[in-house]
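One structure below.
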Amino acid sequence: MAAPSGDNVGGAGKHAENPPSARRLLTMNGSRIDSRELFATEREIIIAHGEDNYRLRLTSQNKLILTK
């Protein structure tokens, strides 16, 4: 799914895929979600927006990168 990049996303460059039916609950404080909850088990999440999918990645330097 993900093409290799220059970032060390997921430790050794690999990450476990969650099964499509996996569900998690996230706590919201108003309109705020703590990124630690988003990245609790993975360093990359897929955001479905309409018909498009976006990748939100946490880099080894603790930065967020959003790509289409």
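Each value in this text was obtained by applying a stated rule to the coordinates, not by laboratory testing. In this text the structure is predicted, and so the values were computed from the model without any measurement. When we count neighbours, we look across all protein chains shown, and the Cβ atoms used for this are built from the backbone with ideal geometry, even at glycine.
When Lys and Arg each count +1 and Asp and Glu each count -1, what net charge do the other residues less than 15 Å away from LEU38, Cβ to Cβ, add up to? Let's see the in-between values first.
Values: positive: ARG23, ARG24, ARG32, ARG36, ARG43, ARG55, ARG57, LYS63; negative: ASP34, GLU37, GLU42, GLU44.
That works out to +4.
How would you order 33-40, 22-29, 61-68 from highest to lowest mean count of nearby Cβ atoms within 10 Å?
Numbers: 33-40: 12.1, 22-29: 7.6, 61-68: 9.4.
My ranking of the peptides, most packed first, is 33-40, 61-68, 22-29.
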